[in-house]
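Down below is the structure, laid out as structure tokens.
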Amino acid sequence: MKFFFPFFFFPLILFAQQPSHYVLGARELQGVDIYDMLHASNGDHLLATTNGVIRFDGYRFRQVGCQDMIMSSVFNLVEDANGNIYCNNLSGQVFRIDGNGCQPLLLLPDSLLSPDYDLAVDDQNRLIISGDKLLAVEPNGQLTVLA
């Protein structure tokens, strides 16, 4: 009986399927560290990387150029109700990404910088920056300290 046991499972191996899989961005993202990913409301995927923001529209990867960027590594991708996407770097710069590209929104003063801070959008569509202090960026770009 032990002799016939392997022959029982042999036909199962013949009919097994190889799962299909795809590797996206192996060449485009080679050597790039990805810190955050956001699936935007327009269907694009945005990647916060060591080389800035990279947009993937389902077909190709494109670098989103940001003007006046001091440090190329970006973090904390968030989207507000209007479809604007925000990210930051460790130099205290906060950027807004929209259909026209990436523009600097504000530069945090040294007194408000912390080694680790996070971005979020509240129910009033304000950008909230949490670090050592809690900050709110109004839609007009005015920065207020909440706590």
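The values are calculated or read from the model by the stated rules, or taken from the named source; none is laboratory data. The model shown is predicted, which means the values in this text are computed figures rather than measured ones. A quick note on method: Cβ atoms are made from the backbone with ideal geometry, for glycine too, and the neighbour counts reach across all protein chains shown. These accessible areas exclude ligands, DNA and RNA; they are computed on the full protein's heavy atoms, side chains included. Shrake-Rupley method; radii C 1.70, N 1.55, O 1.52, S 1.80 Å.
List of remarks:
- Matching option when the condition is touching a strand residue (DSSP E or B) at 6+ places or on another chain (Cβ under 9 Å), touching a residue at least 40 places away in the same chain (Cβ under 8 Å) and more than 19 Å from residue 33 (Cα to Cα), among 80, 98: 80
- Unique residue being under 18 Å from residue 47 (Cβ atoms) and of a type in the set (Asp, Glu) when the list is 98, 123: 98
- Considering only residues in the range 64-76 that are surrounded by 13 or more Cβ atoms within 10 Å (Cβ to Cβ) and either out of contact with any Ser or Thr (no Cβ under 9 Å at 6 or more places or on another chain) or in contact (Cβ under 8 Å) with a residue 60 or more places away in the chain (or both), the one that is farthest from residue 126 (Cα to Cα) turns out to be 64.
- Selection of the range 34-51 for residues being free of Cβ contacts under 8 Å to residues at least 40 places away in the same chain and open to solvent by 80 Å² or more (accessible area, probe 1.4 Å) yields 34, 39.
- Residue 131 vs. criteria touching a helix residue (DSSP H, G or I) at 6+ places or on another chain (Cβ under 8 Å) and under 20 Å from residue 48 (Cα atoms): yes
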